[in-house]
Amino acid sequence: MTSKKEDFEFDTWTNIDFTDDEVDKLSRKNDRKFATFKKRIKDTDQFKVEANVFDDSTYAALYKLVQEGHITALGGPISSGKEAIVFEAYGKDDSEIAIKIYRINTSSFRQMKDYLTGDPRFSGIGSDKRDIVLAWTRKEFANLKRARDGGVRVPDPIAVKLNVLVMELIGVEGNVAPKLQSIELENPLLAYEIIRDFMKKLHISGLVHGDLSEYNILVHDGELCIIDIGQAVTHRHPKASTYLHRDCENISKFFSRNGVETSKEILYDYITQKSP
């Protein structure tokens with residue numbers, strides 16, 4: 001694939017700051033409101049179960065996001081995994097949002113680094129576990145914006161701070177949208193064509209999802225929405241082609257089981273062929 005100058009500039013992310021700035025450090029040290037905020041979260045039953053996800057920097061990130069108006073009310077957890085936990089919340093104008101907090105201590109940082117290494121946006125990333133997780137969080141935010149701008153239905157990214165990502169909630173309060181794998185498709189061919197076009201639009205935007213399957217596609221209000229896009233890589237990643245072949249295999253196998261005539265090769269050719 002031939003890279004344009006503007007593509008190179010888009011893929012290059014220089015001077016990434018993975019740590020708190022001095023204002024954040026001072027606010028944590030001197031702001032009594034922050035101390036009250038931190039205590040309130042610690043003392044709330046719905047957060048005690050997931051207390052290990054909250055360290056001082058995570059509290060500070062949430063506090064700054066509240067100060068900036070991105071979060072107005074924080075609800076309970078709606079999804080929990082080894083790498084991250086997702087909370088439901090309210091944002092500006094009472095909009096329903098999701099807050100994804102990556103775990104600094106338990107995330108699979110070696111696997112994360114495999115996706116970061118070779119991505120020109122993160123050429124300066126080292127081996128520090130915390131830096132890798134923070135870079136991953138910003139990477140997911142950047143990937144969501146790029147996918148959305150390319151016409152792919154993904155959660156709308158709202159804000160990012162350290163290991164905390166704020167985005168649109170797919171579903172409604174207390175009821176997260178189901179995954180594609182858990183529902184009975186009324187029209188498998190139409191669903192396949194929609195996902196196929198999403199994959200092509202993502203490819204045109206310069207990204208490969210890298211872990212796409214029926215387990216990270218949500219269904220809500222008759223729409224399909226791709227999630228978990230943190231690992232998506234640019235075309236210049238050394239494993240981009242391998243990841244795309246794997247995505248095509250996962251998606252073609254799922255829809256073949258649902259009666260759609262397709263294959264990994266057919267899907268790959270459709271995604272990579274140039275539009276007339």
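The values are calculated or read from the model by the stated rules, or taken from the named source; none is laboratory data. Source: prediction; values computed, not measured. Quick reminder, even Gly has a Cβ in these numbers, built from the backbone with ideal geometry, and neighbours come from all protein chains shown. We work out accessible area using only protein heavy atoms, side chains counted, and drop any ligands, DNA or RNA first. Shrake-Rupley method; radii C 1.70, N 1.55, O 1.52, S 1.80 Å.
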Is there a residue in the range 165-174 that is touching a residue at least 60 places away in the same chain (Cβ under 8 Å), among the acidic types (Asp, Glu), open to solvent by less than 60 Å² (accessible area, probe 1.4 Å) and closer than 13 Å to Ala232 by Cβ? no
Just a yes or no: is a residue in the range 232-247 touching a residue at least 12 places away in the same chain (Cβ under 8 Å), touching a Cys at 6+ places or on another chain (Cβ under 8 Å), of a type outside the set (S, T, N, Q) and over 18 Å from Lys145 (Cβ atoms)? no
Among (1) in a helix (DSSP H, G or I); (2) closer than 27 Å to Ser79 by Cβ; (3) free of Cβ contacts under 8 Å to residues at least 24 places away in the same chain - the single one Glu184 does not satisfy: (1)
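Any residue in the range 194-208 that is of a type in the set (Val, Ile, Thr), touching a Leu at 6+ places or on another chain (Cβ under 8 Å) and buried (at least 19 other Cβ atoms within 10 Å of the Cβ)? Break it down stepwise before answering.
At the first step, the residues of the range 194-208 found to be of a type in the set (Val, Ile, Thr) are 194-195, 204, 208.
Restricting the remaining residues to those that are touching a Leu at 6+ places or on another chain (Cβ under 8 Å) gives 194-195, 208.
With the extra rule that they be buried (at least 19 other Cβ atoms within 10 Å of the Cβ), the set shrinks to 195, 208.
Looking through the range 194-208, at least one residue is of a type in the set (Val, Ile, Thr), touching a Leu at 6+ places or on another chain (Cβ under 8 Å) and buried (at least 19 other Cβ atoms within 10 Å of the Cβ).
I'm checking my understanding of the structure. Among residues of the range 221-259 that are of a type in the set (Val, Ile, Thr) and open to solvent by 10 Å² or more (accessible area, probe 1.4 Å), which one is farthest from Leu169 (Cα to Cα)? Show your work before the answer.
Start the filter on the range 221-259 by keeping residues that are of a type in the set (Val, Ile, Thr), which leaves 226-227, 229, 233-234, 242, 251.
With open to solvent by 10 Å² or more (accessible area, probe 1.4 Å) added as a condition, the list becomes 227, 242.
On the way: Ile227: 11, Thr242: 31 Å.
Checked the range 221-259; the qualifying residue farthest from Leu169 (Cα to Cα) is Thr242.
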Result of the Cβ filter at 7 Å on the range 255-276, keeping first residues that are farther than 19 Å from Asn187 by Cβ and assigned to a helix (DSSP H, G or I) and partners that are among the acidic types (Asp, Glu) and open to solvent by 60 Å² or more (accessible area, probe 1.4 Å), at least 6 apart or interchain, is Lys264/Glu249
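Determine, yes or no, whether Arg236 is of a type in the set (D, E, K, R), touching a Gly at 6+ places or on another chain (Cβ under 9 Å), at pLDDT 95 or above and over 18 Å from Glu140 (Cβ atoms).
Considered against the rule, which asks whether it is of a type in the set (D, E, K, R), touching a Gly at 6+ places or on another chain (Cβ under 9 Å), at pLDDT 95 or above and over 18 Å from Glu140 (Cβ atoms), Arg236 comes out as no.
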Checking Pro120 against (1) closer than 16 Å to Cys225 by Cβ; (2) over 16 Å from the mean Cα position of the chain (by Cα): exactly one of these is not met. Which one? (1)
Of the conditions (1) more than 18 Å from the chain's Cα centre (by Cα); (2) at pLDDT 95 or above; (3) of a type in the set (Asp, Glu), the single one that Glu173 does not satisfy is (2)
Considering only the range 71-85, I want to know if a residue exists there that is at pLDDT below 65 and basic (Lys, Arg). no
Would you pick out the residues in the range 214-231 that are in contact with an Asp or Glu (Cβ under 8 Å, 6 or more places away or on another chain) and at negative phi? Asn216, Ile229, Gly230, Gln231
Would a scan of the range 198-220 turn up a residue that is more than 18 Å from the chain's Cα centre (by Cα) and in a helix (DSSP H, G or I)? yes
